[in-house]
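I have placed the structure first, in the form of structure tokens, so that the comments after it can refer back to it.
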Amino acid sequence: MLLGKVIGTVVATRKEPELEGLRMLLVRDLDSKWKPTGKVIVAVDAMNAGTGEVVLYCAGSAARQTAVTKNRPVDHVIMAVVDAVEVSGELVYDKSVSG
């Protein structure tokens, strides 16, 4: 699993039938210090995430293991919206404080 921040949405009116009904979001990777990296991916949203939220996503064949993406041609899926992260006993991210 990877950490990222939702930075936008993707709309595609013409797509493969297997992708119909799937919501697609732009996600930017976060590094271990919570700084965005340059990498941006498109991920199918299985959790109704919103812009600005920190999410856990997965890539590759694991992306096809959620109920929403089962056997669909996707490479990335958002599989959790992060509420809090603690590292070595220190709270480094809290959704209720961060926004």
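Computed from the coordinates by the stated procedures, all read-outs in this text should not be read as laboratory data. It should be emphasised that the depicted structure is a prediction, and the values quoted were computed from it without experimental measurement. Here Cβ is always computed from backbone atoms with ideal geometry, including for glycine, and neighbour counts include all displayed protein chains.
Return the lysines within reach of Lys15: Cα separation strictly under 19 angstrom, same-chain partners fewer than 8 residues apart disregarded; answer none if there are no such residues. Hits, sequence-local ones excluded: Lys70.
I want the local charge near Asp29. Using Cβ-Cβ distances under 9 Å, sum +1 for each Lys or Arg and -1 for each Asp or Glu among the other residues. Around Asp29, the charge tally is +2.
Among the listed values [x] 6.7; [y] 6.1; [z] 7.5, the one computed from these coordinates for mean projected area of the Cα convex hull in nm² is [x]. Counting Lys and Arg as +1 and Asp and Glu as -1 over every other residue whose Cβ lies under 11 Å from the Cβ of Lys39, the net charge comes to -1. Under 5 Å from the amide H of Ile78 lie the amide H atoms of Val44, Asp45, Ala46, each residue being 5 or more positions distant or on a separate chain, with H modelled from the backbone and absent for Pro and chain starts. Charged neighbours of Thr51, selected by a Cβ distance under 13 Å, balance to +1 (K, R count +1; D, E count -1). Full extension of the segment from Leu19 to Ala67, taken as 0.36 nm per residue of separation minus the current Cα-Cα distance, would add 15.9 nm.
Each peptide in 35-45, 54-64 receives the mean, over its residues, of other Cβ atoms within 10 Å, and ordering these scores from highest gives 54-64, 35-45.
Summary value for the chain: 25 percent relative contact order, contacts being C-alpha pairs under 8 angstrom separated by 6+ residues. Annotation: extensible slack from Val11 through Val81 equals 23.1 nm (criterion: 0.36 nm per residue apart, minus Cα-Cα distance).
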